[in-house]
Amino acid sequence: MTETRTILEAIEVTRTFDVSRPWLQRTLAGEGRRVLRAVDAVSFAVTLGRTLSLVGESGCGKSTVGRLAVGLYAPSGGEIRFEGQNLSAARAQPALRRRTNMIFQDPYASLNPRWRVSDIVAEPIRAFRLLKGRDVQDRVGQLLTQVGLSPRDGEKYPHEFSGGQRQRVSIARALSSEPEFLVCDEPTSALDVSVQAQILNLMRDLQERMQITYLFISHNLAVVRHMSNLLGVMYLGRIVEYGPGESIFGNPRHPYTRLLLDAIPDIGMAGGTNSRARAPIGGEVPSPISPPSGCTFHPRCPLANARCRAEVPRHTLDGDVLAACHAVEEGRGA
Ligand SMILES: Nc1ncnc2c1ncn2[C@@H]1O[C@H](COP(=O)(O)OP(=O)(O)O)[C@@H](O)[C@H]1O
Ligand code: SF4
Ligand SMILES: [Mg+2]
């Protein structure tokens, strides 16, 4: 159980999107092509059976990293390796597609409303020809039981379930091809708080029983706290703080991580008063089409100075945590 094999690795991964207007409009307006950098030189490594969580406000590039990690997008630069193999080259192999999968935020949108749940869950088993005939139905029954539903629920259609139950169905479906690596993109964000906890517990349970590796994505640090071994905090396409979850929660280095933590009422931070603890995060995430100069967080950062506005901060190691911040590097953090 002490195995520390890296299953997924991102090495300086960048992903850009061309968001130019159509050629004629561009020409008339005399404007050039516009490129949006959704993910900017992101590196991380996920160990077998553990969880790496990515957290950050909406628009920070989390879902794009998730899609890169299962090969739904190809990197514009850098490399993703699954068990040491370049994912772009390997993705075409059915064996590899079976081993990775993704769960999305909205279980309703990701389940075909016209199919019975048993067919929805059985589809990957049939597509990858893992089992045949009666064995497929038996396996579907098992999967539904594993996620806390009953085998007889297979007869129903998605609309007959509550939001939490539908997310259980999509987890059963995601597990049906017996993947080793799952990207969970805001899997509980559409659910009520009490149901969220049940689904998170289920996911942790399944991880323990099946040694599944998770890349867990959420905009909510409170959710991530209960899921992660490793944590990456993303801001405008970059990972600005990266390390063991307990180290970061115990002693957040980056001012952005501090702001995220301050916005959570339940997590009392050292030095944070009650009113400060409930303060909303000031400002908004700027557009990645024309990001601020230097440290892209500088317009919102209480510690910003001239160097921050001019120079992109590099990652430096502080204990077991990497942070990209001049103030942290200079030791002038709050
Ligand atoms: N297919 C796409 N085409 C153009 N822009 C995209 C595309 N996907 C994401 N983006 C942009 O990339 C940035 C990051 O998006 P996303 O990865 O969805 O962030 P998050 O999941 O953190 O909210 C956003 O500015 C978003 O508008
Ligand atoms: S580099 Fe400067 S602006 Fe950026 S987070 Fe650190 S202190 Fe704030
Ligand atoms: Mg997203």
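Just a few scattered comments:
- Each label point was placed 7 Å from the Cα along the Cα-to-Cβ direction; for L48 and H226 their separation is 2.9 nm.
- Accessible area per residue in Å² at 1.4 Å probe, computed on the chain: 48
- Degrees, to the nearest 10: 193-210 long Cα axis against longest axis of the chain: 70
- Solvent-accessible area assigned to carbon and sulfur over the chain amounts to 49 percent, based on a 1.4 Å probe.
- Peptide packing for 237-249, 307-319, 39-51, 146-158 was compared via the average number of neighbouring C-beta atoms within 10 Å per residue; ordered from the highest value, the list is 237-249, 39-51, 146-158, 307-319.
- Accessible surface comparison of M234, M210, M102, probe 1.4 Å, protein chains only, largest first: the order is M210, M102, M234.
- Residue-averaged 222 nm ellipticity for the chain, from DSSP H runs of 4+ at -39500 (n - 2.57), nearest 500: -9000 deg cm²/dmol
- Kirkwood Rh and Cα Rg combined as Rg/Rh, segment 1-108: 1.07
- Estimated FRET transfer efficiency (R152, S194; beta-carbon r; R0 25 Å; 0.05): 0.50
- Theoretical FRET efficiency, 1/(1+(r/R0)^6), r = Cβ-Cβ of V312 and R134, R0 56 Å, to 0.05: 0.40
- Loop GluC sites (Glu not before Pro), segment 1-107, which have at most 13 other Cβ atoms in a 10 Å radius of their Cβ (DSSP): E3, E31
- Using a Förster distance of 41 Å, the FRET efficiency for N251-S287 (Cβ separation, nearest 0.05): 0.85
- Three principal axis extents of the chain based on alpha-carbon atoms, in descending order, are 68, 55, 38 Å.
The values are calculated or read from the model by the stated rules, or taken from the named source; none is laboratory data. Predicted model only: the values in this text are computed from it and were never measured. Cβ atoms come from the backbone with ideal geometry, glycine included; neighbour counts cover every protein chain shown. All accessible areas refer to the heavy atoms of the entire protein, side chains included, with ligands and DNA or RNA removed. Shrake-Rupley method; radii C 1.70, N 1.55, O 1.52, S 1.80 Å.
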